[in-house]
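K.L.:
Sharing a structure with you now.
Derivation of every value follows stated rules applied to the coordinates shown; laboratory data play no part. Predicted model, so just to flag it, every value in this text is computed and none were measured. Glycine gets a Cβ as well: all are built from the backbone with ideal geometry, and neighbour counts include every protein chain shown.
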Amino acid sequence: MIELFNIKKSFGIQEVLKGITLSIPKGKTTVVLGRSGCGKSVLLKVILRLLPLDEGQIIIGGVDTSNFSDSEMMPIRRKIGMLFQSSALFDSMTVWQNVAYPLLENTKLSFDEIDKRVMALLDFVELPEAAEKLPGALSGGMKKRVALARALIAQPEYIFYDEPTTGLDPITASKINLLIKRTQNEYGTTSVVVTHDMVSALTVGDFFAFIHDGKIAFTGNRNEVLKSSAKEMQDFIADAEPREILQEFLNIK
Amino acid sequence: MFKELRQFFISISDYFSLGLRVLGGLFVRPLYINETFNQMYAIGVQSLPIVALTSFFTGMILTLQSGHEMAVFGAKMYVGTLVSLSLIRELGPVLTGLVVAGRVGAGTAAELGSMKVTEQIDAMRAMGTDPVKKLVTTRLVAGTIMVPMLSVIADGLGILGALFIANATFAISPQFFWKTVMHPLTVNDIMMGLIKPLIFGIMIIWTACHMGITTTGGTAGVGKSTTVSVVVSSVLILVGDYFITQILIWFLGM
Ligand SMILES: Nc1ncnc2c1ncn2[C@@H]1O[C@H](COP(=O)(O)OP(=O)(O)O)[C@@H](O)[C@H]1O
Ligand SMILES: [Mg+2]
């Protein structure tokens, strides 16, 4: 469980997060929605303290990390897998080395054990043949899958997905959505998916939070999202693409 | 104007705090020994051809130029003395520094800069690695060890180039040339010839790493960091050379 109280974050005079309060339940997938540029990536980075926290309180698994230094954050970060918006694979390393990285850095496992786990995860993301390739030789969707394998390898308690489907074609996007759901089912991790892709959100999410103007404007489950009377939420759904798939969700409700 | 000045002081303070972080974590595990050796190879061994070429030809040119001039005063035979002192005290360290600033400094700033703008450094931190230790400390240690070595090799090859011209153009025998090279050298000259490249090595890699990991603004930002890194380290080498020389002259009483 991750709890956020009144998180604030500014860059110079630009206030991005103006007081985010949110509870992220254990073992479920929480989707944080919001338009591009509303501070979703910033929120994830502040929780990991890749960006400094200006104000507010962050409690991760019962530990108040609000005043933690960079070195105190290290063990906390190792419990959290992060899938970056840009995938952020190390482009001087092969896919195998990328996926193995957290184990090579933070554990004393034998090479055989590491290889076994890496290959198992590459199987899970359906890319076993890519092990010796460099990230430069992969498509955007393949990179996301490798990044997912890397985020999962250390068996984190939490996993953060930053726009996992943005910029992918619908078929690849639905593959990624499927993987997020399978990850949830097989590993039972507490997941946070940050996205502006409504279809992806409705596919993978258990709980939803909507950021508007630096604050949480709405929280609820799938039905509550679709039935929400909050104006910003309705506008957001009205703008969402592609309509046909979204309509199916609207019909189910 | 005020904003730029403020930004300038912030980046100076970041520059020094990076140095402190490297020092603070120098002997803290993990030490990344393998990575340090890889960097020693990249910085030292791979710079060898260009350093060798530069210094060998500089030794030749220096001898050619000063040999003719010294002949006017009838001191042609002692060209080796002039060449060895200039190479060991000044040209070896400075030329090595400039070559490394161009080759390694630019490469390092570009590599770390692209890692920064593509979130690879964030990813490293997110996986519980300290990027300063893994990326900066390893390179700084490697640079501190390898640049002085390169400089010594540059001295040697420069003198070899000088010997070649002294013999071919001015008909000075290798034995005599060698005597005139070794004769004026003192421990202080050798000290100066080692301390300078040590400081240059630290300045080059430190600057490049600082520029790299503070890169913002996408690929254009990477280009800017790379350019600034080479310009700043070249200036630091040339200006620093003067101050280091002055300070060493006071301390060593030369
Ligand atoms: N490191 C940074 N420095 C300055 N401004 C930033 C930084 N990171 C993000 N921002 C700004 O914060 C706002 C939110 O960005 P972001 O969280 O990336 O949006 P998104 O919701 O699309 O992920 C943007 O206006 C962006 O320009
Ligand atoms: Mg984002």
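K.L.:
Choose one answer from B:PHE73, B:PHE177, B:PHE37: the residue with the largest mean-square fluctuation in a GNM of chain B with alpha-carbon springs under 10 Å.
P.N.:
B:PHE73
K.L.:
Here's another thing I want to ask about it. Which of B:ARG89, B:ARG103, B:ARG125 ends up with the largest GNM mean-square fluctuation for chain B, with Cα atoms connected below 10 Å?
P.N.:
B:ARG125
K.L.:
Another question, then. A 27 angstrom limit on the alpha carbon distance is what I want to check against. Which of A:LYS175/B:LYS134; A:LYS215/B:LYS134; A:LYS45/B:LYS133; A:LYS45/A:LYS144; A:LYS40/A:LYS175; A:LYS9/A:LYS143 exceed it? Mind showing how you got there, number by number?
P.N.:
Numbers: A:LYS175/B:LYS134 34 Å; A:LYS215/B:LYS134 37 Å; A:LYS45/B:LYS133 21 Å; A:LYS45/A:LYS144 18 Å; A:LYS40/A:LYS175 23 Å; A:LYS9/A:LYS143 30 Å.
Checking Cα-Cα distances, A:LYS175/B:LYS134; A:LYS215/B:LYS134; A:LYS9/A:LYS143 exceed 27 Å.
K.L.:
On a 0 to 90° scale, report how tilted helix B:106-117 is relative to the longest principal axis of chain B, with both axes built from alpha carbons and the result rounded to the nearest 10.
P.N.:
Tilt of helix B:106-117: around 0 degrees.
K.L.:
So what's segment B:39-128 giving for Rg/Rh, alpha carbon basis, Kirkwood Rh from the mean inverse pair distance? Can you show the working numbers first?
P.N.:
On the way: Rg = 20.3 Å, Rh = 15.9 Å.
Checking Rg against Rh, the ratio lands at 1.28.
K.L.:
A further question on this structure: Taking amide hydrogens as modeled 1.01 Å from N in the peptide plane, which residues meet the under 5 Å criterion relative to A:ALA217, leaving out close sequence neighbours?
P.N.:
Under 5 Å from the amide H of A:ALA217 lie the amide H atoms of A:PHE210, A:ILE211, A:HIS212, each far enough along the sequence or on another chain.
K.L.:
What list of ³J(HN,Hα) values in whole Hz, one per residue of segment B:22-29 in order, does the Karplus curve 6.51 cos²θ - 1.76 cosθ + 1.60 (θ = phi - 60°) give from phi, with Gly and Pro shown as x?
P.N.:
5, 4, x, x, 4, 10, 8, 5
K.L.:
Where nothing but the Cβ of Lys and Arg (+1) and of Asp and Glu (-1) is charged, how large is the charge dipole of the protein assembly as shown around its Cα centre, in debye to the nearest 20?
P.N.:
Working: 44 positive and 43 negative charges, 75 e Å.
It works out to roughly 360 debye.
K.L.:
For q = 0.07 Å⁻¹, what log10 I(q)/I(0) does segment B:30-252 give under the Debye formula with an equal point scatterer on each alpha carbon and no solvent?
P.N.:
Normalising to I(0) and taking log10 leaves -0.27.
K.L.:
Here's something else I'd like to know. Shielding by partners for A:81-93, please: the mean number of other protein chain Cβ atoms within 10 Å of each residue's Cβ. Intermediate results must be reported in sequence, preceding the final value.
P.N.:
Working: counts 2, 6, 2, 6, 1, 6, 4, 9, 4, 5, 5, 4, 1.
So the per-residue partner count for this stretch is 4.
K.L.:
Using the Karplus equation 6.51 cos²θ - 1.76 cosθ + 1.60 (θ = phi - 60°), what ³J(HN,Hα) coupling, rounded to whole Hz, does each residue of segment B:80-92 give in order, writing x for Gly and Pro?
P.N.:
Each residue of segment B:80-92 in turn: x, 4, 4, 5, 5, 5, 5, 5, 6, 7, 10, 5, x Hz.
K.L.:
Helix-derived [θ] at 222 nm for chain A: sum -39500 (n - 2.57) over DSSP H runs of at least 4, divide by residue count, nearest 500? Write out the running numbers ahead of the final one.
P.N.:
Working: 10 runs with 107 residues, N = 253.
Calculated from helices alone, the mean residue ellipticity at 222 nm is -12500 deg cm²/dmol.
K.L.:
Between A:SER191 and residues 5 or more places away or on another chain, which pairs have amide H atoms under 5 Å apart, with H built 1.01 Å from N, and which residues are they?
P.N.:
A:GLY27, A:LYS28, A:THR29, A:THR30, A:ILE159
K.L.:
Hey, can you grab everything whose amide H is under 5 Å from the amide H of A:MET82? Only 5+ residues off in sequence or another chain; H modelled, so Pro and N-termini drop out.
P.N.:
A:PHE160
K.L.:
Please turn the phi angles of segment B:62-74 into ³J(HN,Hα) values with the Karplus equation 6.51 cos²θ - 1.76 cosθ + 1.60 (θ = phi - 60°), one per residue in order, whole Hz, x for glycine and proline.
P.N.:
The phi angles translate into 4, 5, 4, 5, 6, x, 5, 5, 5, 4, 4, 8, x Hz.
K.L.:
Still on this structure: If I fit a long axis through the Cα atoms of helix A:243-252 and take the longest principal axis of the Cα atoms of chain A, what angle between them do I get, 0 to 90°, rounded to 10?
P.N.:
Relative to chain A, helix A:243-252 is tipped by roughly 70 degrees.
K.L.:
Another question, then. So what is log10(I(q)/I(0)) for chain A at q = 0.10 1/Å, when the Debye sum runs over its Cα atoms only?
P.N.:
Debye intensities relative to I(0), on a log10 scale: -0.49.
K.L.:
Looking at chain A as a GNM with Cα springs under 10 Å, which of A:VAL42, A:VAL63, A:VAL95 has the largest mean-square fluctuation?
P.N.:
Fluctuation is largest for A:VAL63.
K.L.:
Excluding residues fewer than 8 places away in the same chain, name every one of the lysines whose C-alpha is closer than 17 Å to that of B:LYS224.
P.N.:
Leaving aside lysines fewer than 8 places away in the same chain, those within reach of B:LYS224 are B:LYS116.
K.L.:
What Rg and what Dmax come out for segment A:89-155 when only alpha-carbon atoms are used, in angstroms?
P.N.:
10.7, 32
K.L.:
With unit charges on the beta carbons (Lys and Arg positive, Asp and Glu negative) and the dipole taken about the Cα centre of segment A:21-71, which residue among A:GLY62, A:CYS38, A:PRO52 sits farthest to the positive side?
P.N.:
A:CYS38
K.L.:
Report the Cα centroid-to-centroid distance between segment B:108-143 and segment B:218-236 in angstrom, as an integer.
P.N.:
Cα centroid to Cα centroid, the span is 17 Å.
K.L.:
May I ask for the equivalent-ellipsoid semi-axes of the protein assembly as shown, computed as the square root of five times each C-alpha gyration tensor eigenvalue and listed largest first in whole Å?
P.N.:
Working: eigenvalues 674, 105, 72 Å².
Calculated on Cα positions only, the semi-axes equal 58, 23, 19 Å.
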